[in-house]
Amino acid sequence: MKFIDEAKIYVKAGGGGKGCVSFRREKFVPRGGPDGGDGGKGGDVILRAVHSHRTLLDLKYRQHQTAKRGGHGEGNNRTGRSTDDVVVAVPVGTLVKDADTGEILADLTEDGQCFIAAKGGIGGRGNARFATAGNRAPRFAQDGIPGEERALLLELKLLADVGIIGMPNVGKSTFISKVSAARPKIADYPFTTLTPNLGVVRLDENTAFVIADIPGLIPGASEGLGMGMRFLRHVERTTVLLHILDITKDSDPLADFEAINRELARFSPDLARKPQVVGVNKLDLPATQEKIKKEIDKFRRKGIEIIAFSAATGEGVGEAVKRIARELQTAMEPASMVRDSRNPEP
């Protein structure tokens, strides 16, 4: 499935039905009087968050969501039929914004959570409603109130406890495939990962957390370079970041680490303040083994403790997962670490 994390839609609720102008005309009923019924209510357009949807792809092809108008009132005091609401399913984690003003209208973060994107109009009153002692035969009724309509911008932000960040091709996808059932595309060229991937990491029967693999970041990502600008929003909801480094490259790992954190700060200061577990991948390679002690000392002088592992062979991965779990436990209540009800495991 193609991953779509942004969609612009137009929603229009149904207008209320017209009130009826009618009079009783039975042969043996003198002075029958007005009996026009009210119009029915128009349908709402409702956004509902569901786990069964992972992307906003459906709304790319169905951008107009329109509810029907209410039925018109009829004689004999019959009220027009109220029409059904239109319920639009969106993924859990969808942020709803007004497309014109940018105002945040709703943040759908729970399964089953609903937001009325456009309210249906109320039906107009029939002429029976306007009968008074001074006007016993009103010959007018109300039109129904039009339904609301607006353009909405939907943004999907993945719900995960841990977000994996780092430069392209440092082994983020290999790590998530090792610790969860997620099966992202893995190859030895930059920007292999084109879409975020989610996986569930289970330490034991009572402890689990959701981890997200984010496409690689590069300097300038917060300004639109590379692929980072589009996907940085997906790490905003995370609690802990796993920052993976590759010290086999010619570049300076500390400089890469600082460059990524600058991009996080430029995109969102809150994102830059999230706790990070810093890990060096590819411990199975001779080049990593030669440099690892030097890099550990270099980061330690900056007050940063790093861990080393090999996502390919699994060496040190268990210790890395335990370290992440401890950081999560510090940052959030232990009871909230069990996310089985959310379970977005592929």
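The values are calculated or read from the model by the stated rules, or taken from the named source; none is laboratory data. From a predicted model like this one, the values you see are computed outputs, not experimental measurements. Every residue, glycine as well, gets a Cβ built from its backbone with ideal geometry; the counts of neighbours run over all protein chains shown. Accessible surface is based on the protein model in full, side chains and every heavy atom, while ligands, DNA and RNA are left aside. Shrake-Rupley method; radii C 1.70, N 1.55, O 1.52, S 1.80 Å.
Residue by residue, here is whether (1) modelled with pLDDT under 90; (2) open to solvent by 80 Å² or more (accessible area, probe 1.4 Å); (3) basic (Lys, Arg) holds:
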residue: Pro286; (1), (2), (3): no, yes, no
residue: Ile307; (1), (2), (3): no, no, no
residue: Arg326; (1), (2), (3): yes, yes, yes
residue: Pro346; (1), (2), (3): yes, yes, no
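Just the residues that are crowded, with 21+ Cβ neighbours inside 10 Å, out of contact with any Lys or Arg (no Cβ under 7 Å at 6 or more places or on another chain) and either in a strand (DSSP E or B) or among the small types (Gly, Ala, Ser) (or both), please, taken from segment 23-44.
Once the filter is applied, which keeps residues that are crowded, with 21+ Cβ neighbours inside 10 Å, out of contact with any Lys or Arg (no Cβ under 7 Å at 6 or more places or on another chain) and either in a strand (DSSP E or B) or among the small types (Gly, Ala, Ser) (or both), segment 23-44 yields Pro34, Gly36.
Residue by residue, here is whether (1) closer than 30 Å to Val201 by Cα; (2) open to solvent by 30 Å² or more (accessible area, probe 1.4 Å) holds:
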{"position": "Asp84", "(1), (2)": "no, yes"}
{"position": "Lys97", "(1), (2)": "no, yes"}
{"position": "Gly120", "(1), (2)": "no, no"}
{"position": "Gly123", "(1), (2)": "no, no"}
{"position": "Asp161", "(1), (2)": "yes, no"}
{"position": "Gly166", "(1), (2)": "yes, no"}
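Could you check how many residues of segment 1-40 are of a type in the set (Asp, Glu) and without any contact (Cβ under 8 Å) to a residue 40 or more places away in the chain? Step through it out loud before you land on a result.
First, the residues of segment 1-40 that are of a type in the set (Asp, Glu): 5-6, 26, 35, 38.
Within this subset, residues satisfying the condition of being without any contact (Cβ under 8 Å) to a residue 40 or more places away in the chain are 26.
Summing the residues that are of a type in the set (Asp, Glu) and without any contact (Cβ under 8 Å) to a residue 40 or more places away in the chain in segment 1-40 gives 1.
Between a first residue in segment 268-286 that is acidic (Asp, Glu) and a second residue that is assigned to a loop (DSSP other than H, G, I, E, B) and surrounded by fewer than 22 Cβ atoms within 10 Å (Cβ to Cβ), which pairs have beta carbons less than 7 Å apart while being 6 or more apart in sequence or on different chains?
Qualifying pairs under 7 Å: Asp284/Ser310; Asp284/Ala312; Asp284/Thr313; Asp284/Glu315.
Among residues belonging to segment 277-300 that are of a type in the set (Asp, Glu) and part of a helix (DSSP H, G or I), point out the one that is farthest from Asn169 (Cα to Cα).
The initial filter retains those residues of segment 277-300 that are of a type in the set (Asp, Glu), namely 284, 290, 295, 297.
Those left that are additionally part of a helix (DSSP H, G or I): 290, 295, 297.
Numbers: Glu290: 20, Glu295: 19, Asp297: 24 Å.
Taking the candidates together, the pick is Asp297.
Right, Gly199: modelled with pLDDT under 85, in contact with a helix residue (DSSP H, G or I) (Cβ under 7 Å, 6 or more places away or on another chain) and of a type outside the set (Phe, Trp, Tyr) or not?
Details: modelled with pLDDT under 85: yes; in contact with a helix residue (DSSP H, G or I) (Cβ under 7 Å, 6 or more places away or on another chain): yes; of a type outside the set (Phe, Trp, Tyr): yes.
It is true that Gly199 is modelled with pLDDT under 85, in contact with a helix residue (DSSP H, G or I) (Cβ under 7 Å, 6 or more places away or on another chain) and of a type outside the set (Phe, Trp, Tyr).
Within segment 301-324, work out how many residues are of a type outside the set (Lys, Arg) and part of a helix (DSSP H, G or I).
Total meeting the criteria: 6.
Can you tell me how many residues in segment 147-172 are part of a loop (DSSP other than H, G, I, E, B) and over 16 Å from Thr66 (Cα atoms)?
Let us first name the residues in segment 147-172 that are part of a loop (DSSP other than H, G, I, E, B), namely 147-148, 157-161, 166-171.
If we keep only those that are over 16 Å from Thr66 (Cα atoms) as well, we get 157-161, 166-171.
Residues in segment 147-172 being part of a loop (DSSP other than H, G, I, E, B) and over 16 Å from Thr66 (Cα atoms): 11 in total.
When Ala7 is evaluated against the numbered criteria (1) part of a loop (DSSP other than H, G, I, E, B); (2) open to solvent by less than 80 Å² (accessible area, probe 1.4 Å), which criterion, by number, is the only one it fails?
(1)
Can you name the number of the only condition in (1) buried (at least 18 other Cβ atoms within 10 Å of the Cβ); (2) at negative phi that Gly316 fails?
(2)
Quick one: Phe140 ticks every box in (1) within 15 Å of the chain's Cα centre (by Cα); (2) assigned to a loop (DSSP other than H, G, I, E, B) bar one, so which box is it?
Going through the list (1) within 15 Å of the chain's Cα centre (by Cα); (2) assigned to a loop (DSSP other than H, G, I, E, B), Phe140 breaks only (1).
Tell me yes or no: at least one residue of segment 51-72 is surrounded by fewer than 21 Cβ atoms within 10 Å (Cβ to Cβ) and within 16 Å of Ala128 (Cα to Cα).
no
Among (1) open to solvent by less than 70 Å² (accessible area, probe 1.4 Å); (2) in a loop (DSSP other than H, G, I, E, B); (3) out of contact with any His (no Cβ under 8 Å at 6 or more places or on another chain), where does Cys20 come up short?
It fails just one condition, (3).
Any chance segment 81-96 includes a residue that's at pLDDT 95 or above, among the hydroxyl-bearing types (Ser, Thr, Tyr) and not in a loop (DSSP other than H, G, I, E, B)?
For segment 81-96, residues at pLDDT 95 or above, among the hydroxyl-bearing types (Ser, Thr, Tyr) and not in a loop (DSSP other than H, G, I, E, B): absent.
Quick check on my filter: what residues within segment 239-261 are more than 13 Å from Ile304 (Cβ to Cβ) and either in contact with a Phe, Trp or Tyr (Cβ under 7 Å, 6 or more places away or on another chain) or loosely packed, with under 15 Cβ neighbours inside 10 Å (or both)?
Of everything in segment 239-261, those that are more than 13 Å from Ile304 (Cβ to Cβ) and either in contact with a Phe, Trp or Tyr (Cβ under 7 Å, 6 or more places away or on another chain) or loosely packed, with under 15 Cβ neighbours inside 10 Å (or both) turn out to be Ile244, Lys249, Asp250, Ser251, Asp252, Ala255.
Starting from residues that are among the basic types (Lys, Arg) and not in a helix (DSSP H, G or I), keep the ones in segment 264-276 and report whichever is least open to solvent (accessible area, probe 1.4 Å).
At the first step, the residues of segment 264-276 found to be among the basic types (Lys, Arg) are 266, 273-274.
So of that shortlist, the ones also not in a helix (DSSP H, G or I) come out as 273-274.
Values: Arg273: 165, Lys274: 42 Å².
Checking each candidate, the answer is Lys274.
Would you mention how many residues in segment 129-156 are open to solvent by 30 Å² or more (accessible area, probe 1.4 Å) and in contact (Cβ under 8 Å) with a residue 60 or more places away in the chain? Full working, then the answer.
First pass over segment 129-156, keeping only residues open to solvent by 30 Å² or more (accessible area, probe 1.4 Å): 129-137, 139-143, 145-146, 148-150, 153.
Right, trim to in contact (Cβ under 8 Å) with a residue 60 or more places away in the chain and you get 129-131, 136-137, 139-143, 145-146, 148-150, 153.
Number of matching residues: 16.
Out of (1) buried (at least 17 other Cβ atoms within 10 Å of the Cβ); (2) at pLDDT 90 or above; (3) out of contact with any strand residue (DSSP E or B) (no Cβ under 7 Å at 6 or more places or on another chain), the odd one out for Asp297 is which?
Answer for Asp297: the failing condition is (1).
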